[in-house]
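The values are calculated or read from the model by the stated rules, or taken from the named source; none is laboratory data. Nothing here was measured: the structure is a model prediction, and the numbers come from that model. All Cβ positions, glycine included, derive from the backbone under ideal geometry; neighbour counts span all protein chains shown. Heads up: the accessible areas ignore ligands, DNA and RNA and are worked out on the full protein's heavy atoms, side chains in. Shrake-Rupley method; radii C 1.70, N 1.55, O 1.52, S 1.80 Å.
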Amino acid sequence: MSLLNDFERKDLAKVGQELYRFAEAMYPICRSITGDGIRQTLGLIQNRIPLRMVEVPSGIPVFDWTVPKEWNVRDAYVKDKGGNRVVDFKKCNLHVLNYSTPVRATMPLAELKPHLFTIPANPEWIPYRTSYYKEDWGFCLSHNQMSALEDGNYEVCIDSTLQDGHLTYGECFLPGQSADEVLISCHACHPSLADDNLSGLTVATLLAEFLAGRELRYSYRFLFIPGTIGAITWLAQNREAAARIRHGLVLTCIGDLNGFHYKKSRQGTAEIDRAVSHVLTHYTESPKFLEFSPYGYDERQYCSPGFNLAVGCLMRSVWGSFPEYHTSADNLEFIHPQQLAGSLRVCTAIVDVLENNRRYRNLNPFCEPQLGKRNLYHSTGGDGIAENINARLWVLNLSDGEFSLLDIAERSGISFSKISQAAELLRESGLLAVVPEDSGGETPQRQPQKETPNLSRLS
Ligand SMILES: [Zn+2]
């Protein structure tokens, strides 16, 4: 089954519009690592895919961390002496320092200023700031806005609550033939930020929608979680499921105009690393590959040494490396329908590789089988035909039970999709047989065991 071929039948422009409209619907919600904003967001995702919402009580220890108090905010503002809201949460939810404790006070500008955050280098933009793990309050505003504040007293109000409640995350599980799992994870904790958060949420949701109801080889687990603490919480509470994850991707910042970046898993040469590398090289322009580092998104939790899961991170722009990152300029104008659709296509192509990457055995291994008499050598002209025949020859030659289709695609330089189609045709013609997965045919990862000891398989 070629998922990619199925996907290619879709109108990519329409897919892009659908993704974008979904991002638009989620954009205004004030999300955080806990609270009603993330619940509301998960509710919108739940309208599209079978999503289980999980509530984990505040105060529960999760490895070295503790599930935090739940934060909610209704309103926040700074009023000048004329009663005008000079900073207004209702106009933009980035204005409040995320996780601000409640405040009601009147104070002179000098006292207020240490609680104001701006970006002098981009004086029009509002920064996104958080204070999850240190109780504090504050406002984020454009530098121009702050410069316009005159001396005098200001009325400050943050109508928030920070109390025992729950951390909420969403989980969509699509069962496949195998209990082995593919993990797709994205963070759902940023307020009105489009690329950093919504692009991943929309693409992951539509990928789940596309896969739901299909016959799948692997089981798929989609996590929509608050960054860092959500991944830590999930891993702490789902160690058995974590041990079943064979391949995984964190999706983030995949709606902007940049080309793709892929940050490899800690293992570095896992099947997911090779699958993404192959897909980006064959289907996108100038992809860039980053080695694993223990900083970034939730891949760093999945790749922590106790788990060492084969989870990489797919991005277009890389966190922290573009000026719009964590500012009001990461808005709906910063992401684009065609980029979101292109990212969904890439994700589908990656899943297609994982689903179809198997080993085969050539049933006619003594010299080349005569393809012509089987109608597998006809050439009606054009490079495409020649490449198809070439793909068949490669598959026949390397299908000795040792090499996977991804090995063959890499070695031949032919796209996985063509190699996979060739294998299917040869199998139908009786020239190839699938090597059963339980006889050593599964996940030919060829991990350099010396370099990546699997410190714990979570027995
Ligand atoms: Zn972020």
Among (1) more than 16 Å from the ligand (Cβ to nearest atom); (2) open to solvent by 40 Å² or more (accessible area, probe 1.4 Å) - the single one residue 138 does not satisfy
(2)
In segment 331-348, what residues are β-branched (Val, Ile, Thr) and either within 13 Å of the chain's Cα centre (by Cα) or within 12 Å of the ligand (Cβ to nearest atom) (or both)?
346, 348
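Just checking, which of 204, 194, 188 is within 16 Å of the ligand (Cβ to nearest atom), open to solvent by less than 10 Å² (accessible area, probe 1.4 Å) and within 24 Å of residue 57 (Cβ to Cβ)? Full working, then the answer.
Working: 204 fails: within 24 Å of residue 57 (Cβ to Cβ); 194 fails: within 24 Å of residue 57 (Cβ to Cβ).
Selected residue: 188, the only one of 204, 194, 188 that is within 16 Å of the ligand (Cβ to nearest atom), open to solvent by less than 10 Å² (accessible area, probe 1.4 Å) and within 24 Å of residue 57 (Cβ to Cβ).
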Have a look at 306, 312 and point out the one that is farther than 20 Å from residue 20 by Cα and in contact with a Lys or Arg (Cβ under 7 Å, 6 or more places away or on another chain).
312
Residue list for segment 304-330, filter: within 12 Å of the ligand (Cβ to nearest atom) and either of a type in the set (Asp, Glu) or touching a residue at least 60 places away in the same chain (Cβ under 8 Å) (or both)
315, 317, 318, 319, 322, 324, 325, 326, 327, 330
Filtered residues of segment 256-310 (kept if within 25 Å of residue 415 (Cβ to Cβ), aromatic (Phe, Trp, Tyr) and out of contact with any His (no Cβ under 9 Å at 6 or more places or on another chain)):
260, 262, 283
Among the residues of segment 133-144, is there at least one that is among the acidic types (Asp, Glu), in a strand (DSSP E or B) and either in contact (Cβ under 8 Å) with a residue 24 or more places away in the chain or more than 24 Å from residue 346 (Cα to Cα) (or both)?
no
If I ask for residues that are of a type in the set (S, T, N, Q), open to solvent by less than 10 Å² (accessible area, probe 1.4 Å) and within 16 Å of the ligand (Cβ to nearest atom), which ones from segment 220-269 would you list?
252
Has segment 56-70 got any residue that is open to solvent by 30 Å² or more (accessible area, probe 1.4 Å), within 16 Å of the ligand (Cβ to nearest atom) and either farther than 23 Å from residue 236 by Cα or out of contact with any Pro (no Cβ under 6 Å at 6 or more places or on another chain) (or both)?
no
Go through segment 162-185 and count every residue that is within 16 Å of the ligand (Cβ to nearest atom) and surrounded by fewer than 24 Cβ atoms within 10 Å (Cβ to Cβ).
0
Here is a list of conditions, (1) more than 16 Å from the ligand (Cβ to nearest atom); (2) buried (at least 21 other Cβ atoms within 10 Å of the Cβ); (3) more than 20 Å from residue 335 (Cβ to Cβ), and residue 299 meets all of them except one; can you say which number that is?
(1)
